[in-house]
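Q: A single structure is presented below for examination.
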Amino acid sequence: MNTIKNDFPALRQRIHGKALTYLDSGATTLKPQAVIDALTAYYTTINSNVHRGAHHLSNLATEAYEQARLRVQNFINARTSEEIIFTKGTTEAINLVARSFGEAYIREGDEILVSAMEHHANMVPWQQLCKQKNARLNVLPVLENGSLDMEALPGLLTPRTKLVAITHISNVLGTVNPIEEIIARAHAKDIPVLVDGAQGIVHSRIDVQRWDVDFYVFSGHKLYAPMGIGVLYGKAQLLNDLPPYQYGGEMIDKVRFEETTFNVLPYKFEAGTPNVGGAIGLHKAIDYLCERNLDELWKKEDEVLKYAVNQLQKIEGIRIFGTDGTRGGVISFLLEGIHPYDTGTLLDQMGIAVRTGHHCAQPLMDFYQIPGTVRASFGIYNDMQDVDILYEALLRVKRMLS
Ligand code: PMP
């Protein structure tokens, strides 16, 4: 009996008359009732702005918001809570670093290294920064099996490399990259590393101090929390030296028409009214996961994922991408002779939610010379039965379209 499913009210829906089989957690996870209740409670009672009001509710909002920061600090083992900046999500966190780090440190002729499997969110901001600064975007290649070409890494860490920006787990292939090794090699040359943890934090324990990572970013909505809240972790000494990303309320110290001085961390990077409800929801999501023994949940999720790979491999003419032996959360595939959109549309008719297309990784699609893939991605609520439903449905798709 899968009791976790009961915690997610969205799973009680029927789609096109069929029970929903949700296999799109890589795009966004469903929310447990506990998180929905926490959001409702915030908006029905506290509903105040933070750090400003002299009144009781504002104090409660500030307290809850700062407790959420402490919860995130503890969850990823950051040294201090000032190293946790709340953002809209992964995309905003990366843009923040690109803009701010870029302004401070990137000069003409400098280099930034990304990989060929990056989500556009961890590629386009660096590409545009390089354009503005006449810098160079280098790309660590991907091998056919979906792993990074680690032999190419030393040659790409040059004296001009100012930053490495790399994903922990590929949202397309599921490849789990050797982040510790990449960080160690980059640090040996004094190059800081930003890790895109949008998919990583959802499937594995993150300890930013053990990794010694310089920047780590993720989105709440992929971690069973609401949309519109995310995190930039950065080492305090790095963040302290960076200029603000946005200007306005909250991030200032003293404002005169001649000159403005800025607030301390983390507020320096949190201009304007923050997403207090979202932060409270993220706090609740982390509590929800940890109270249910997250390692155990991930172990089960991994068993379901392995079973899925095993079953899908039995389908004649299927091509599964990412075959290097690592896999976190997702399976991308194509059925021979069938366009991924057609597969996705038919699966939807059968109540199965998957994602089709380029998954915001067009350069990776170009590498494989494909228009896109079908991606089934898994969360803690998925079970073997979901895999059986997908497997049978794909056999039907094949019968209908082959
Ligand atoms: N990086 C990766 C690896 C992702 O999977 C995603 C979301 N698909 C992002 C970045 C962007 O996240 P968000 O849209 O939540 O900002």
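Q: Quick check on packing: order 167-173, 283-289, 85-91 by the mean number of other C-beta atoms within 10 Å, highest mean leading.
A: Numbers: 167-173: 28.3, 283-289: 21.6, 85-91: 23.4.
Result, highest mean first: 167-173, 85-91, 283-289.
Q: Still on this model: How high is the relative contact order of region 36-290, in percent, counting Cα pairs under 8 Å that sit 6 or more residues apart? List each step's numbers first, then the result.
A: Numbers: 471 pairs, mean separation 63.0, N = 255.
Value for region 36-290: 25 percent.
Q: Oh, and also: Using the Karplus equation 6.51 cos²θ - 1.76 cosθ + 1.60 (θ = phi - 60°), what ³J(HN,Hα) coupling, rounded to whole Hz, does each residue of region 103-116 give in order, writing x for Gly and Pro?
A: Karplus-based 3J(HN,Hα) across region 103-116 equals 4, 6, 10, 8, 10, 3, x, 6, 10, 10, 10, 10, 10, 6 Hz.
Q: Given R₀ = 30 Å, FRET efficiency for residue 246-residue 74 by Cβ-Cβ distance, to 0.05? Provide the component values of the computation, followed by the final result.
A: Working: r = 27 Å, r/R0 = 0.90.
Efficiency, rounded to the nearest 0.05: 0.65.
Q: Counting only residues 5 or more places away or on other chains, whose amide H sits under 5 Å from the amide H of residue 24 once H atoms are built in the peptide plane?
A: 377
Q: I would also like to ask the following. Using DSSP, restrict attention to beta bridges with both residues in the chain and report what percent are antiparallel, rounded to the nearest 5. Each step should come with its number before you reach the end.
A: On the way: 26 of 44 bridges.
Of the beta bridges lying entirely in the chain, close to 60 percent run antiparallel.
Q: Can you give me the Cα centroid spacing of region 198-220 and region 330-402 in angstrom?
A: Between the Cα centres of region 198-220 and region 330-402 lies a distance of 27 Å.
Q: At 0.36 nm per residue, minus the direct Cα-Cα distance, what do residue 227 and residue 158 gain on full extension? Give it in nm, one decimal, please. Let's see the in-between values first.
A: Numbers: separation 69, 0.36 × 69 = 24.84 nm, distance 3.79 nm.
Extending this stretch completely gives an extra 21.1 nm.
Q: I'd like the Karplus ³J(HN,Hα) series for region 281-291: coefficients 6.51, -1.76, 1.60, θ = phi - 60°, whole numbers in Hz, and an x wherever there's a Gly or Pro.
A: Each residue's phi maps through the Karplus curve to give x, 5, 4, 5, 4, 5, 4, 4, 5, 5, 5 Hz.
Q: Placing +1 on the Cβ of each Lys and Arg and -1 on the Cβ of each Asp and Glu in the chain, which of 80, 90, 188 has its Cα farthest towards the positive end of the resulting dipole?
A: Sorting the options by dipole projection puts first 90.
Q: Turning to a different aspect of this structure: If R₀ is 56 angstrom, what is the calculated FRET efficiency for the pair residue 401 and residue 256, using the beta carbon separation as r and rounding to 0.05?
A: Working: r = 68 Å, r/R0 = 1.21.
Approximately 0.25, to the nearest 0.05.
Q: If you don't mind, there's one more thing I want to ask. Under the rule a/c < 1.5 gives rounded, and otherwise a/b versus b/c splits prolate from oblate, where does region 1-132 land using the Cα gyration tensor? Numbers along the way, then the final one.
A: Values: a/c = 2.60, a/b = 1.27, b/c = 2.05.
Taking the square roots of the gyration eigenvalues as a ≥ b ≥ c, region 1-132 is oblate.
Q: A follow-up question, please. Report relative contact order for region 282-402 in percent, whole number only (criteria: Cα-Cα under 8 Å, sequence separation at least 6). Could you put the intermediate results ahead of the total?
A: On the way: 119 pairs, mean separation 36.3, N = 121.
RCO, region 282-402: 30 percent.
Q: Can you give the extra length, in nm with one decimal, that the chain gains between residue 237 and residue 287 once fully stretched, where that is 0.36 nm per residue apart less the Cα-Cα distance? Before the final figure, lay out each step's value.
A: Working: separation 50, 0.36 × 50 = 18.00 nm, distance 2.89 nm.
Length gained, residue 237 through residue 287: 15.1 nm.
Q: How many nm separate the modelled label positions at residue 19 and residue 40, each set 7 Å beyond the Cα in the direction of the Cβ?
A: 2.4 nm
Q: If you don't mind, there's one more thing I want to ask. Determine, for each peptide in 324-333, 181-190, the mean count of other beta carbons within 10 angstrom over its residues, then list the peptides with the highest first.
A: Details: 324-333: 22.7, 181-190: 15.4.
Per-residue mean Cβ counts within 10 Å order the peptides as 324-333, 181-190.
Q: Spin-label point model (7 Å from Cα, Cβ direction): what's the residue 384 to residue 120 distance in nm?
A: For residue 384 paired with residue 120, the spin-label model returns 4.0 nm.
Q: Starting from the amide H of residue 136, placed 1.01 Å from N in the peptide plane, find each other amide H under 5 Å away whose residue is 5 or more places distant or on another chain.
A: 109, 110, 111, 112
Q: Oh, and also: Taking 0.36 nm per residue of separation and subtracting the Cα-Cα distance, what length does fully extending residue 311 through residue 181 add? Display every interim value, and only then the final one.
A: Numbers: separation 130, 0.36 × 130 = 46.80 nm, distance 3.24 nm.
Extra length from residue 311 to residue 181 when fully extended: 43.6 nm.
Q: Here is a follow-up. Assign unit charges at the C-beta atoms only (+1 for Lys and Arg, -1 for Asp and Glu), then state the dipole size of the chain relative to its Cα centre in Debye, rounded to the nearest 20.
A: On the way: 39 positive and 46 negative charges, 127 e Å.
Dipole about the Cα centre, nearest 20: 620 debye.
Q: Given the options 197, 272, 372, which has the most mean-square fluctuation in a GNM of the chain, springs set between C-alpha atoms less than 10 angstrom apart?
A: Looking only at 197, 272, 372, the biggest GNM fluctuation is shown by 272.
Q: Determine the dipole magnitude for region 66-220: charges of +1 sit on the beta-carbon of Lys and Arg, -1 on that of Asp and Glu, nothing else is charged, the reference point is the Cα centre, and the result goes in debye to the nearest 20. Each step should come with its number before you reach the end.
A: Working: 15 positive and 19 negative charges, 62 e Å.
Computed charge dipole of region 66-220: roughly 300 debye.
Q: Something else: Cα-Cα pairs above 28 Å in region 36-290: how many percent? Kindly include the intermediate steps, with their values, before the conclusion.
A: Working: 10923 of 32385 pairs.
Roughly 34 percent, rounded to a whole number.
Q: Still on this structure, please answer the following. Which ³J(HN,Hα) values, rounded to whole Hz and listed in residue order, are derived for region 169-184 from phi using the Karplus coefficients 6.51, -1.76 and 1.60 in 6.51 cos²θ - 1.76 cosθ + 1.60 with θ = phi - 60°, glycine and proline given as x?
A: These are the phi-based 3J(HN,Hα) values: 10, 6, 6, 9, 9, x, 4, 9, 7, x, 4, 4, 5, 5, 5, 4 Hz.
Q: Taking amide H atoms as placed 1.01 Å from N in the peptide plane, list the residues 5 or more away in sequence, or in a different chain, whose amide H sits under 5 Å from that of residue 142.
A: 116, 149
Q: Give the peptides 30-36, 96-102 in descending order of average Cβ contacts within 10 Å, highest first.
A: Details: 30-36: 19.9, 96-102: 24.0.
Those peptides, ordered most packed to least, come out 96-102, 30-36.
Computed from the coordinates by the stated procedures, all read-outs in this text should not be read as laboratory data. Note that the coordinates shown come from a computational prediction; the quantities given were computed from them, not determined experimentally. Ideal geometry is used to build each Cβ from the backbone, glycine not excepted, and the neighbour counts take in all protein chains shown.
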